[in-house]
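Engineer: The structure is given below, and queries will be raised subsequently.
Values in this text are rule-based calculations from the coordinates and carry no lab data. Worth saying up front: this structure is predicted, and the values here are computed from it rather than measured. Heads up, the Cβs are rebuilt from the backbone with ideal geometry, glycines too, and the neighbour counts pull from every protein chain shown.
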There are 2 protein chains.
Amino acid sequence: MERLLEELTFQDGLVPAVIADERGTVLVLCYVDREALRKTLETGQVHVFRRSRGRVMLKGQTSGHTQQVREVRVDCEGNSLLFVVAQEVAACHMGYYSCYFRRYDAEADALAVCEERVFDPGAVYGQ
Amino acid sequence: MERLLEELTFQDGLVPAVIADERGTVLVLCYVDREALRKTLETGQVHVFRRSRGRVMLKGQTSGHTQQVREVRVDCEGNSLLFVVAQEVAACHMGYYSCYFRRYDAEADALAVCEERVFDPGAVYGQ
């Protein structure tokens, strides 16, 4: 993956990766370090650097809601990645297919849930 | 936009914003500060904080390739935004509709351009 690393600018060791499915639904924004990127390429499953835990994890490790990589794209400036994936079940730990399940209504200054829940987080992660 | 600001976690004053069109093409990853977000909501056109210039700019200011905001989504943790937009001409300053116009081929360890150029950067920005 030398050519890819050469192209990317890591900031504090990380590069942001937009993750979308093949139909064009944006699922989540994650971060990868070199190790997460290597594991993603080697296994074909998205691995991320979880900043809250300070370590590399398979996306969907606990839930089984993994992401199979279909395409890896690089932006024009090498500042971010786009992973096009096949998503198992759902990307969001709150039970929604996409993490962007809330829409902002500027007129009402309110956030509204605009997607259906596809799984019960309590059942998947325990309470 | 109080409710939105309350929801968002700014890091060093910025929040990343994934920008995609209504068909689901991911165009670019940008950053907004509070001012860029306010201008985006007030005008309905994406404004970004350009880190390389240290200031807020209308996306497409030089080229005229602006982005009309159709939806503003917030992720589950308030760490990023998704702007769904109608894109004028193209999002990328290198002449491509999307900034993610290069695909990584892991087997060949090579980057390949996988989109058609839609405008000539020399003609639009000058050389």
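Engineer: For segment A:13-127, what D do you get in µm² per second when you plug the Kirkwood radius from alpha-carbon pairs into Stokes-Einstein at 4 °C and 1.567 mPa s?
Structural biologist: On the way: Rh = 14.9 Å.
In µm²/s, the coefficient rounds to 87.
Engineer: Taking each residue of A:99-110 in turn, how many C-beta atoms of other protein chains fall within 10 Å of its C-beta, and what is the average? Each step should come with its number before you reach the end.
Structural biologist: Values: counts 8, 12, 4, 8, 6, 10, 4, 9, 0, 1, 7, 2.
Across A:99-110, the average partner-chain Cβ count within 10 Å equals 6.
Engineer: If you build a Gaussian network model of chain A, linking Cα atoms that sit under 10 Å apart, which residue out of A:Leu14, A:Leu111, A:Leu41 swings the most?
Structural biologist: Highest fluctuation among the options: A:Leu111.
Engineer: Now a separate question. As I understand it, the value is the acute angle between the Cα axis of helix A:34-43 and the longest principal axis of the Cα atoms of chain A; what does it come to in degrees, rounded to 10?
Structural biologist: 80
Engineer: A further question follows. May I ask you to sort B:Asp21, B:Asp12, A:Asp105 by Cβ crowding, counting other Cβ atoms within 10 Å and putting the fewest first?
Structural biologist: Numbers: B:Asp21 19, B:Asp12 7, A:Asp105 14.
Least to most surrounded, the residues fall as B:Asp12, A:Asp105, B:Asp21.
Engineer: For B:Val32, enumerate residues with amide H under 5 Å from its amide H, sequence gap 5+ or separate chain, H modeled in the peptide plane.
Structural biologist: Residues meeting the amide H criterion: B:Val15, B:Ala17, B:Phe49.
Engineer: Now a separate question. For segment A:1-43, rounded, prolate or oblate, judged on the Cα gyration tensor with a ≥ b ≥ c (square roots of eigenvalues), a/c < 1.5 rounded, else prolate if a/b > b/c? Before the final figure, lay out the partial values.
Structural biologist: Working: a/c = 2.06, a/b = 1.58, b/c = 1.31.
Judged from the Cα gyration tensor, segment A:1-43 comes out prolate (a/c at least 1.5, a/b above b/c).
Engineer: Let me ask another. In A, who owns the beta-carbon nearest the axis carrying A over to B, and how many Å from it?
Structural biologist: A:Gly24, 1
Engineer: Still on this structure, please answer the following. Name the aspartates and glutamates eligible as straight-distance cross-link partners of B:Lys59: C-alpha to C-alpha under 13 Å, and not fewer than 8 places from it in the same chain.
Structural biologist: Within the straight-line limit of under 13 Å, B:Lys59 reaches these aspartates and glutamates: B:Glu88.
Engineer: Which value, in debye to the nearest 20, gives the size of the charge dipole of chain B about its Cα centre, when Lys and Arg are +1 and Asp and Glu are -1 at the Cβ?
Structural biologist: The calculation lands at about 460 debye.
Engineer: Hey, rough spin-label estimate for A:Thr25 and A:Met57, points 7 angstrom out along Cα→Cβ, what's it come to in nanometres?
Structural biologist: According to this spin-label approximation, the distance is 2.1 nm.
Engineer: Related question: For every other residue with a beta carbon closer than 13 angstrom to the beta carbon of A:Glu35, add +1 if it is Lys or Arg and -1 if Asp or Glu, then tell me the sum. Don't skip to the end; give the middle numbers.
Structural biologist: On the way: positive: A:Arg34, A:Arg38, A:Lys39, A:Arg50, A:Arg55; negative: A:Asp33, A:Glu42.
Charge balance in the 13 Å sphere: +3.
Engineer: Most exposed first by the Cβ proxy, i.e. fewest other Cβ within 10 Å, how do B:Glu71, B:Glu2 rank?
Structural biologist: On the way: B:Glu71 15, B:Glu2 7.
Placing the least packed residue first, the sequence is B:Glu2, B:Glu71.
Engineer: Now, a different point. Spin-label point model (7 Å from Cα, Cβ direction): what's the A:Leu41 to B:Arg117 distance in nm?
Structural biologist: Label-label distance for A:Leu41 and B:Arg117, simple model: 2.7 nm.
Engineer: Using a Gaussian network model of chain A whose springs link C-alpha atoms within less than 10 Å, name the residue from A:Ala90, A:Ala106, A:Ala17 with the highest mean-square fluctuation.
Structural biologist: Largest GNM mean-square fluctuation: A:Ala106.
Engineer: Could you check how many percent of all C-alpha pairs in the protein assembly as shown are farther apart than 32 Å? Intermediate values should be presented prior to the final figure.
Structural biologist: On the way: 6082 of 32131 pairs.
Cα-Cα pairs of the protein assembly as shown separated by over 32 Å account for 19 percent.
Engineer: Starting at the first residue of segment A:84-92, write each ³J(HN,Hα) from the Karplus equation 6.51 cos²θ - 1.76 cosθ + 1.60 with θ = phi - 60°, in whole Hz, x for Gly and Pro.
Structural biologist: 9, 10, 9, 8, 6, 6, 6, 8, 9
Engineer: Based on other C-beta atoms within 10 Å, arrange B:Thr43, A:Thr9, B:Thr25, B:Thr66 from fewest to most.
Structural biologist: The most exposed by this proxy come first: A:Thr9, B:Thr43, B:Thr25, B:Thr66.
Engineer: Mind putting a number on the dipole of segment B:20-75 about its Cα centre? Charges go on the C-beta only, +1 for Lys and Arg and -1 for Asp and Glu, and I need it in Debye to the nearest 20.
Structural biologist: Details: 11 positive and 7 negative charges, 54 e Å.
Magnitude of the dipole: close to 260 debye.
Engineer: Provide the per-residue ³J(HN,Hα) series for segment A:69-79, in order, calculated from phi with Karplus coefficients 6.51, -1.76, 1.60 and θ = phi - 60°, each as a whole number of Hz, with x at glycine and proline positions.
Structural biologist: For segment A:69-79, the Karplus-derived couplings read 6, 9, 8, 10, 10, 10, 6, 4, 10, x, 9 Hz, x marking Gly and Pro.
Engineer: Sticking with this structure for a sec: Report, as an integer, the average count of C-beta atoms from other chains found within 10 Å of each Cβ along A:82-89.
Structural biologist: Values: counts 10, 0, 3, 0, 0, 0, 0, 0.
The shielding value for this peptide is 2.
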